[in-house]
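Take a look at the structure set out below.
The values are calculated or read from the model by the stated rules, or taken from the named source; none is laboratory data. This one's a predicted model, so the numbers in the text were calculated from it and none came from an experiment. Every residue, glycine as well, gets a Cβ built from its backbone with ideal geometry; the counts of neighbours run over all protein chains shown.
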Amino acid sequence: MSKRISFATKRIATGRIAIRRIVVAVAALLAVATLSVDAGAWQLTPEQREELRKKVEDQLKEKPKTPLSGEQMKKLMEQLREKTDPQIGSRRETSSRRSGGSTGPFRKMNTAVLAAFRDVVSPIRSSTVTVLADGKDASLGAIVGESGWILTKSSEIKGKITCRLSDGRELAARVIGVHDDTDLAMLKIDAKGLPAVAWEMEKPQVGDWVATSGASDVPASVGVVGVLPRGVVAPRGILGIGLEQGDGGALVREVMPNSGASKAGMKVGDTVLSVNGKIAKTHEELIAIVARYAPGDTLTLVVRRDGKEITVKATLGSRPTDGRSNLQNMMGGPLSGRRSNFAEIIQHDSVLRPNQCGGPLVNLDGKVVGINIARAGRVESYAIPAAVITTLIADLQSGRLMPPPPIAEYEKELAEALASLRKSEASVREAKEKLDKVVDDAQEALKDVESARKATQKAVENAQAALEKAKADAEAARNAAGE
């Protein structure tokens, strides 16, 4: 009997989840379909749109015993994707562009569509934070530990870091760990009892809806998973030098015009000893180190020139590419600086700004399937899967992945130390000069004292001699008087 009750309970729970997904999908379909008829015809007020959404929910809840079949749900989702996904409805999108209508991914950014997913992000809203760098919104973040642990996108946070919680509090944060391969950073704030995200280990499938939790009660964006989880290879940055093996490093035998190396002032005959603190004993090692960085990255190189070590900063360039495709990607808005070289990502077509990356990506059950990590194209955003992230959290919290201070800070500390040393040397020289003068004066004084001592001794000797003579004369006088 208990097994039957348990089985029935599971069936009811599964049915509720299915109904919830249908509610969201139908509400979104109604909003998107209305928008697609005529971009200017959507004149409902927010209250009317909310009333429509609730009406759809109520209609579905009235018939819990007759849920849609798997085939019906599949057909519904296909229709929904056709209305919103530019990759599936490319012909319709092209026609819409020609007629002046709005296109798929941007219809999904309409407030009516976003409002349909309010309940999806509601469970995760209090676990989403805004990360600020030097007072400006830099990224979103996800609370992953109740005692103040926050995960975010590493490359977007520079300077003084603070976190704005869903309750409005702004707290100072410090970086505890950075995982370069995923571009994730672990922050720590002084707080307790925070709501951590609930992870979903099962990866979303192609065609699944996903939503990005943001700073309000509606999603920052919604989208559809476009491809199966995959890796993204980074385009290699180009330094612009020809190399051969030199003495203790890579010898520069050629500097390409207008390259990053040329603009940094590198010269033929320079020997590159290290890059961003990583020692390169051979030219092969130098090539391998530079290959880890993408175009636009700035590298700090220690170079030996004419027997002296100097530091230069060079920004990597890129190989010639199709400018048209780059322009098309940029037309959808700014892209993330770091948007490649990930071992595994979930690709979806949500329209995100770079400062909306770093936060939770949720499925229709409100569970976190990943952390958004990059806006990579007009209809292409990436998220690191939850299954990957959960294996990294302990190491990120341990402090073992603490990032080293930037080279600029080392250089600043070294410059300050050298300045202090020079100042100390000047003080020592001044003190020595004063001491030498004191010693010289003391030696002169000693000479004067010695001369005075000798004179005094001579005077004493003369006085004693005179006294002895006077005594002798007096004695002689007495003797003469006695006779």
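Does L364 fit the bill of being surrounded by 12 or more Cβ atoms within 10 Å (Cβ to Cβ), farther than 30 Å from G223 by Cβ and touching a helix residue (DSSP H, G or I) at 6+ places or on another chain (Cβ under 7 Å)? Here the answer is no, as L364 does not meet what is asked. Of all the listed residues (E170, E156), the sole one being at pLDDT 95 or above and either closer than 30 Å to F342 by Cα or surrounded by fewer than 20 Cβ atoms within 10 Å (Cβ to Cβ) (or both) is E170.
Here G177 fulfils each of the conditions (1) assigned to a loop (DSSP other than H, G, I, E, B); (2) out of contact with any Pro (no Cβ under 6 Å at 6 or more places or on another chain) apart from (1). Scanning the range 130-149 for residues that are buried (at least 22 other Cβ atoms within 10 Å of the Cβ) and among the polar types (S, T, N, Q) yields T130, S139. Of all residues in the range 404-417, none are under 60 Å from the mean Cα position of the chain (by Cα), outside any helix (DSSP H, G or I), modelled with pLDDT of 85 or more and closer than 30 Å to F342 by Cβ.
Within the range 300-320, which residues are outside any loop (DSSP other than H, G, I, E, B) and of a type in the set (K, R)? Within the range 300-320, R304, R305, K308, K313 meet the criteria.
Among the residues of the range 192-205, those identified as surrounded by fewer than 18 Cβ atoms within 10 Å (Cβ to Cβ) and closer than 12 Å to G145 by Cα are K192, G193, P195, A196, A198.
Would you point out the residue of the range 219-249, among those that are hydrophobic (A, V, I, L, M, F, W, C) and more than 22 Å from L151 (Cβ to Cβ), that is modelled with the lowest pLDDT? Can you show your working first?
Going through the range 219-249, the residues hydrophobic (A, V, I, L, M, F, W, C) turn out to be 220, 222, 224-225, 227-228, 232-234, 238-239, 241, 243.
Now restrict to residues that are more than 22 Å from L151 (Cβ to Cβ): 224, 227-228, 233, 238-239, 241, 243.
Working: V224: 93, V227: 88, L228: 87, V233: 79, I238: 89, L239: 92, I241: 93, L243: 91.
Filtering first and then ranking leaves V233.
Within the range 433-450, not a single residue is touching a Phe, Trp or Tyr at 6+ places or on another chain (Cβ under 9 Å) and surrounded by 10 or more Cβ atoms within 10 Å (Cβ to Cβ).
For first residues located in the range 167-192 and within 20 Å of S126 (Cα to Cα), partners that are among the aromatic types (F, W, Y) and lie 6+ apart or on another chain with Cβ distances below 8 Å form the pairs M186/W149; L187/W149; K188/W149.
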